[in-house]
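*Asks:* Have a look at this one.
We did not get these values from a lab; they are worked out from the coordinates using the rules stated. In this text the structure is predicted, and so the values were computed from the model without any measurement. Because the Cβ atoms are built from the backbone with ideal geometry, glycine has one as well, and the counts that use them run over all protein chains shown.
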Amino acid sequence: MSKSYQITEVTDFKHFHAVLNEVYRGNDQYVFPLRGDIETVLSDKNRVYDGTNLKLWVVLEEGKRPVGRIAAFIDRERNEEMDLPVGGIGYFESIEVDAVAELLFNAAEGWLKEEGMHAVDGPINFGERDKFWGLLVRGWYRPIYQETYNPPYYQRMFEDRSYRPHEQCFTMRGIVSQFPAEKLKKLAGLVREKYGLYTKTLDKNNLLEGAEDFAAAYNSAFTHLPYFKPLSSDDVYPTFKQMKPIMDPYLTSLAYDKNDKPIGMAGLIPDINCFMKGVNGKMDWKGLPRFLWRLKFQKKPRNCKGVAFGIASKYQGMGVYPLMIDAMYQGGDQHNRRTYKYVDLATIRGHNDVMVSTCRRMSTEVHRVHIAYRKALVSGATWEAFSMMDVEHVEMGVYGQGE
């Protein structure tokens, strides 16, 4: 006897979160994303949310068991700067039943079309492009913090419904102890001497000043990009405060010109997914003590994750990136080399040849590949996809097994 599936729009997260238990049960690799992170994105806590531009749906099996979910959203401010009205879908999860996926896609796409969207991108994040971006298509290992992880059959579910690759998103991994330290040190010295540039780390006791300089460096680095939205210290400071308990000052470097103007930033954080086993996405009275105990006492090698890299266009090609990386490597008597095994540089765009080649010079290589897809919602909608790099050499990994 076939099972029945019903889709319903939801305004709370009870069933939305519960879908993960059905999809990833028994998966040794999977790390539940923090529920607070998801709820911050998909609510009025998100600065992009305007009260009308977000919908959530859940599919129930036999009216009870939550087996699928999806979010649909519209970044109206960003769309004002684009020729093609594009909506987004994200946080898609489904058991391996096409009827469930069909209900989810139809609901999300139908609403976006009603709202005047000509195309849809997915899976992507609602807002900033630094997390939960793209569908994992190569590199099934334990995900890093705020990185999308999904079963391999999701790719077929998207492509069977006319979603086509639009943008590659890489996670590039390197072994910290194998960074070209002496080469970096020499190059950094030349940059300081020739251009008068210098670096600072974040001061945990003065995060507001750090937030102001970080936002200024970010804005000068990305103002030329089509999806650019300027940041202010009000955007950055709350994140800094939230991350303060796990923040490692040696993992962030801000670059300045000789006039003390911020011109570049390189920000990394400890990968907290190393310590999230058993937390199940809930930093409650059960999960928080487990996480804090592992964070303090677990001897397992720690990893770090790159979250933001940028250099003002005027200063690109002048060695600012090696300058910042050297500062992080040498700081605290090479604290990072002694503390972290792997560094994962996340959300590196495959069409950004300069950034990919720069990361490779730092002894990192593509470790995981995500794809953001695009689909037309109306006839005649056209666009040009970003250029794609050949990734056939990237290992597939084994879904659900090992780290």
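*Asks:* Give the Rg/Rh ratio for the stretch 121-162, taking Rg as the radius of gyration of the Cα atoms and Rh as the Kirkwood radius, to two decimals.
*Replies:* That ratio is 0.97, to two decimals.
*Asks:* Same structure again: Would you please calculate the Kirkwood hydrodynamic radius of the chain over all C-alpha pairs and express it in Å, rounded to one decimal?
*Replies:* Taking every pair of different Cα atoms in the chain, averaging 1/r and inverting gives 22.2 Å.
*Asks:* By counting other Cβ atoms within 10 Å of each Cβ, how are GLU209, GLU384 ranked from fewest to most?
*Replies:* GLU384, GLU209
*Asks:* Here's a follow-up. Stretched out fully, how many nm does the piece from ALA99 to LYS14 gain, at 0.36 nm a residue minus the Cα gap?
*Replies:* Residue separation times 0.36 nm, minus the Cα-Cα distance, leaves 28.4 nm.
*Asks:* Taking only Cα atoms, what is the 0 to 90° angle, nearest 10, from helix 207-222's long axis to the longest principal axis of the chain?
*Replies:* 80
*Asks:* Just rank ARG161, ARG69, fewest to most, by other beta-carbon atoms within 10 angstrom.
*Replies:* ARG161, ARG69
*Asks:* Please compute the alpha carbon radius of gyration of the stretch 102-220, then divide it by the globular-protein estimate 2.2 N^0.38 Å. Two decimals is fine.
*Replies:* Working: Rg = 21.1 Å, N = 119, 2.2 N^0.38 = 13.5 Å.
After normalising by residue count via 2.2 N^0.38 Å, the value is 1.56.
*Asks:* Going by Cα centres, the stretch 337-372 and the stretch 41-74 are how many Å apart?
*Replies:* For the stretch 337-372 versus the stretch 41-74, the Cα centre distance is 31 Å.
*Asks:* Turning to a different aspect of this structure: Suppose R0 equals 45 Å. What FRET efficiency, 1/(1 + (r/R0)^6) with r the Cβ-Cβ distance, do GLN178 and ARG156 give to the nearest 0.05?
*Replies:* Numbers: r = 37 Å, r/R0 = 0.82.
With a Förster radius of 45 Å, E is 0.75.
*Asks:* Put one equal scatterer on each alpha carbon of the stretch 180-362, apply the Debye formula with no solvent term, and list log10 I(q)/I(0) at q = 0.08, 0.15, 0.17, 0.19 1/Å to two decimals.
*Replies:* Here the Debye-derived log intensity ratios amount to -0.27, -0.93, -1.17, -1.39.
*Asks:* Something else: More than 14 Å apart: what percent of Cα pairs in the stretch 1-63 qualify? Display every interim value, and only then the final one.
*Replies:* On the way: 1279 of 1953 pairs.
So the pairs more than 14 Å apart make up 65 percent of the total in the stretch 1-63.
*Asks:* Given the DSSP H assignment, sum -39500 (n - 2.57) over each helix run of at least 4 residues in the chain and divide by its residue total; what's the result at 222 nm in deg cm²/dmol, nearest 500?
*Replies:* -10000 deg cm²/dmol
*Asks:* Could I ask something else about it? Using only the Cα atoms of the stretch 349-403, build the gyration tensor, take square roots of its eigenvalues as a ≥ b ≥ c, and label the shape rounded, prolate or oblate: rounded if a/c is under 1.5, else prolate if a/b is larger than b/c, else oblate. Each step should come with its number before you reach the end.
*Replies:* On the way: a/c = 3.58, a/b = 1.47, b/c = 2.43.
Oblate.
*Asks:* Could you tell me which of rounded, prolate or oblate describes the stretch 258-403, using a ≥ b ≥ c as the square roots of the eigenvalues of the alpha-carbon gyration tensor, with rounded for a/c under 1.5 and, failing that, prolate when a/b is larger than b/c and oblate otherwise? Each step should come with its number before you reach the end.
*Replies:* Values: a/c = 1.87, a/b = 1.15, b/c = 1.63.
Oblate, since a/c reaches 1.5 and b/c is not below a/b.
*Asks:* Taking Cα atoms, how many degrees apart are the long axis of helix 320-339 and the longest axis of the chain, rounded to 10 and kept between 0 and 90?
*Replies:* Approximately 90 degrees, to the nearest ten.
*Asks:* Okay, next question. Can you give the Rg/Rh ratio of the stretch 227-308, where Rg is from the C-alpha atoms and Rh is the Kirkwood radius?
*Replies:* With Rh from the inverse mean 1/r over Cα pairs, Rg/Rh is 1.06.
*Asks:* Let me ask you something else. Give me the number: length gained by fully extending SER379 to GLU193, i.e. 0.36 nm times residue separation minus the C-alpha to C-alpha distance, one decimal in nm.
*Replies:* So the chain would gain 61.2 nm between SER379 and GLU193.
*Asks:* Using 0.36 nm times the number of residues separating ARG290 and ASN27, minus their current alpha carbon distance, what extension gain do you get?
*Replies:* Details: separation 263, 0.36 × 263 = 94.68 nm, distance 1.98 nm.
Residue separation times 0.36 nm, minus the Cα-Cα distance, leaves 92.7 nm.
*Asks:* If neighbour count is taken as other Cβ atoms inside 10 Å, put ARG338, ARG349 in order from fewest to most.
*Replies:* ARG338, ARG349
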